[in-house]
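Below: the structure, in structure tokens.
The values are calculated or read from the model by the stated rules, or taken from the named source; none is laboratory data. What you see is a predicted model, and the numbers here were worked out from it, not measured in a lab. Here the Cβ positions follow ideal geometry from the backbone for every residue, glycine too, while neighbour counts run over all protein chains shown. Note: areas computed on protein heavy atoms with side chains; ligands, DNA, RNA excluded. Shrake-Rupley method; radii C 1.70, N 1.55, O 1.52, S 1.80 Å.
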Amino acid sequence: TQGELAEFVAVEVQSMDTTGNYREERDAYMREGSYDRRSKAGINWENVSKRILPQLIYKGNVLRRERLCTKGLFFVCPTPVYERVAERLGHNMMEYPNLQPGSLTFRWYDISNESVDGVIRSLQPSGQFSTTVDQVALAFTAPVNLPAPNVYETAILAELRRKG
């Protein structure tokens, strides 16, 4: 029937998260067409573990309880963000080709290499991987890509020797 909601999907879009601020460089570029300053800002890769993954797990579980959310949650991000997520999760999740409640589908993209003055570069789809919220939660809480045993002890002892 017209005007009734039949189903929906949720889409979480993530760009590159940065630390610091690029405002001075942007303002200089807009004013002068170039800039020669070095920014102290950078990419905040820890945001993947601290915020993005817990948020996706939480939202995915909430959405799986929605009667009309039959295809789960989509996470759309730049390729470097997806690569960092996959690395953090240990690349060991099972793929689920059929979308379903509780699905979590990663879609990543790159920016077109075509550069024309005054024209915004387009986004190019680069890949897709569908799994479940449960697979992501398990990979996040039981990582297989941990550092070597005694990494803290080794670092503490090295520092003590250096100062001793």
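May I ask you to list the residues in segment 104-123 that are within 21 Å of Gln55 (Cα to Cα) and either free of Cβ contacts under 8 Å to residues at least 40 places away in the same chain or in contact with a Cys (Cβ under 7 Å, 6 or more places away or on another chain) (or both)?
Residues satisfying the conditions are Thr105, Phe106, Arg107, Trp108, Tyr109.
Is there a residue in segment 131-144 that is part of a strand (DSSP E or B) and within 19 Å of the chain's Cα centre (by Cα)?
Scanning segment 131-144 turns up at least one residue that is part of a strand (DSSP E or B) and within 19 Å of the chain's Cα centre (by Cα).
Is it true that some residue in segment 98-108 is under 20 Å from Ser15 (Cβ atoms), among the aromatic types (Phe, Trp, Tyr), within 17 Å of the chain's Cα centre (by Cα) and open to solvent by less than 80 Å² (accessible area, probe 1.4 Å)? Give the steps one after another, and end with the answer.
Of segment 98-108, the ones under 20 Å from Ser15 (Cβ atoms) are 104-108.
With the extra rule that they be among the aromatic types (Phe, Trp, Tyr), the set shrinks to 106, 108.
Next cut, within 17 Å of the chain's Cα centre (by Cα) only: 106, 108.
Subset that is open to solvent by less than 80 Å² (accessible area, probe 1.4 Å): 106, 108.
Checked against the condition, which is being under 20 Å from Ser15 (Cβ atoms), among the aromatic types (Phe, Trp, Tyr), within 17 Å of the chain's Cα centre (by Cα) and open to solvent by less than 80 Å² (accessible area, probe 1.4 Å), segment 98-108 yields at least one hit.
Does Ile57 meet the test of being at pLDDT 95 or above, open to solvent by less than 50 Å² (accessible area, probe 1.4 Å) and part of a helix (DSSP H, G or I)?
yes
Can you tell me which residue within segment 111-164, out of those that are within 30 Å of Ile57 (Cβ to Cβ), out of contact with any strand residue (DSSP E or B) (no Cβ under 7 Å at 6 or more places or on another chain) and small (Gly, Ala, Ser), is least open to solvent (accessible area, probe 1.4 Å)? Explain how you work it out, then say what you get.
Residues of segment 111-164 that are within 30 Å of Ile57 (Cβ to Cβ), as a first pass: 111, 123-152, 155.
Now narrow it down to the ones that are out of contact with any strand residue (DSSP E or B) (no Cβ under 7 Å at 6 or more places or on another chain): 134-135, 137-152, 155.
Remaining after also requiring small (Gly, Ala, Ser): 137, 139, 142, 148, 155.
Numbers: Ala137: 27, Ala139: 7, Ala142: 53, Ala148: 69, Ala155: 60 Å².
Going through the qualifying residues, I end up with Ala139.
From the residues in segment 1-54 that are at pLDDT 75 or above, part of a loop (DSSP other than H, G, I, E, B) and within 25 Å of the chain's Cα centre (by Cα), which one is surrounded by the fewest Cβ atoms within 10 Å (Cβ to Cβ)?
Ser15
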